[in-house]
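Asks: One structure follows; several queries about it will come next.
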Amino acid sequence: MTAPSGDKPFPSSSPDGASSATVNLDKTSRRMRRHVGSNIAGLVAVAILLFVVQGLARNSALQWSVVGQYLFSATVMQGLMRTLTITAVAIAIAVVLGTLLANMRLSKNRVLRAVNAVYVWFFRSIPLLVLLILAYNFSLLYSNLSIGIPFGPSFVTFMTRDFTTAMTAAFLTFGLQQAAYTSEVIRAAIMSVPKGQTEAAEALGMTQWRIMKRVVLPQAARMAIPPIANETINLCKSTSLVAFISVPDLLYSVQEIYSRTFQVVPLLVVATIWYTVIVSVLTLIQWWLEKVMQGPSRGNRSALIPAEAL
């Protein structure tokens, strides 16, 4: 039976149209199920967080009044400043020395590469606590040090016990060991810079030092900031080991207090709060540095050499 002339034909359902509609319905249903699943997971996470906060707030063993009493005490503040000082000095040593070691590793000189390999191997092999104790007792290994000609006369001799203090041992131990790890981070960041950048800079007549300073290192810094920031956070928490050589850092300070008052748990909560604050601030600084360093590079991806290098 045919449709009358001038009338529109009856719509016919084709198999292709039906299958595409079915596929769209399946995608929509899967999307809705994912939405429901993520919402349920979020509610469960919030509920668990509320239970944890409630348990901490109502736990009488934590003695929040004692926590508030010692949170800003002079002893704790002095220990906090020592922790921050050790972290800042050690990471400064690590970045400067790590950059030098990374360039030694990338050098064509075999002697420099061998020195770098021995240094990294040594400081990555020995546990940090062992290095810390050895540095503190360095005067027992060498009572004096001399500067002069090898196997020849000495020009200057000084006693090691005059400068081997607990803080000096902490600075050197954390800085020298962290430099071994930081050098590998910086080396990988330098290698991530395309070779075409350095080749173009050489074609422009730039010296190797200028290429490293103005072309390679600024771009490598963008890659190195996140891992170095993570290493800084780990270093800050590792400074609690200086309590073994009687450096009155944050942990040692609270230990001194609870050894007199026997309020162990609330004083440890004080230390935990301050470590959490330090890590949070360092995380914000990391986020800010990443934003500042990566921002200018997005609009200049096609440039072979950064404009500021020329």
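Asks: Would you check which residues across the stretch 260-295 are under 12 Å from the mean Cα position of the chain (by Cα) and within 17 Å of residue 56 (Cα to Cα) and list them?
Replies: Those that are under 12 Å from the mean Cα position of the chain (by Cα) and within 17 Å of residue 56 (Cα to Cα): none in the stretch 260-295.
Asks: Let me ask another. Please find, among 188, 220, 169, the residue that is within 27 Å of the chain's Cα centre (by Cα), in contact (Cβ under 8 Å) with a residue 24 or more places away in the chain and under 21 Å from residue 86 (Cα atoms).
Replies: Result of the check over 188, 220, 169: 169.
Asks: Another question about this same structure. Condition first: farther than 25 Å from residue 294 by Cα and among the aliphatic types (A, V, I, L, M). Now tell me which residues in the stretch 171-229 satisfy that.
Replies: 172, 176, 180, 203, 204
Asks: When you scan the stretch 38-127 for helices (runs of 4 or more DSSP H) that lie fully inside it, which ones turn up with 1 or more residues that are over 22 Å from the mean Cα position of the chain (by Cα), loosely packed, with under 11 Cβ neighbours inside 10 Å and not hydrophobic (A, V, I, L, M, F, W, C)?
Replies: On the way: elements: 64-70, 74-106, 110-125.
Qualifying helices (runs of 4 or more DSSP H): 64-70, 110-125.
Asks: Tell me, which residue of the stretch 254-286 that is among the polar types (S, T, N, Q) and buried (at least 16 other Cβ atoms within 10 Å of the Cβ) is nearest to residue 66 (Cα to Cα)?
Replies: Only one residue tops the list, namely 263.
Asks: Out of all the residues in the stretch 175-195, is one or more surrounded by fewer than 18 Cβ atoms within 10 Å (Cβ to Cβ), touching a Leu at 6+ places or on another chain (Cβ under 6 Å) and either aromatic (Phe, Trp, Tyr) or at pLDDT 90 or above (or both)?
Replies: Checking the stretch 175-195: not a single residue is surrounded by fewer than 18 Cβ atoms within 10 Å (Cβ to Cβ), touching a Leu at 6+ places or on another chain (Cβ under 6 Å) and either aromatic (Phe, Trp, Tyr) or at pLDDT 90 or above (or both).
Asks: Does the stretch 188-205 contain any residue that is of a type in the set (A, V, I, L, M, F, W, C), within 26 Å of residue 238 (Cα to Cα) and out of contact with any Asp or Glu (no Cβ under 8 Å at 6 or more places or on another chain)?
Replies: The answer is yes, given that some residue of the stretch 188-205 is of a type in the set (A, V, I, L, M, F, W, C), within 26 Å of residue 238 (Cα to Cα) and out of contact with any Asp or Glu (no Cβ under 8 Å at 6 or more places or on another chain).
Asks: Let me spell it out: the conditions are (1) touching a Gly at 6+ places or on another chain (Cβ under 9 Å); (2) surrounded by fewer than 16 Cβ atoms within 10 Å (Cβ to Cβ); (3) not hydrophobic (A, V, I, L, M, F, W, C), and residue 213 meets all of them except one. Which number is the exception?
Replies: In the conditions (1) touching a Gly at 6+ places or on another chain (Cβ under 9 Å); (2) surrounded by fewer than 16 Cβ atoms within 10 Å (Cβ to Cβ); (3) not hydrophobic (A, V, I, L, M, F, W, C), residue 213 misses (1) alone.
Asks: Given the criteria closer than 30 Å to residue 133 by Cβ and either in a helix (DSSP H, G or I) or at pLDDT 75 or above (or both), does residue 284 qualify? Break it down stepwise before answering.
Replies: Numbers: closer than 30 Å to residue 133 by Cβ: no; either in a helix (DSSP H, G or I) or at pLDDT 75 or above (or both): yes.
No, not satisfied.
The values are calculated or read from the model by the stated rules, or taken from the named source; none is laboratory data. Keep in mind it's a predicted model, so treat the numbers as computed, not measured. Neighbour counts run over all protein chains shown; Cβ positions are idealised from the backbone, glycine included.
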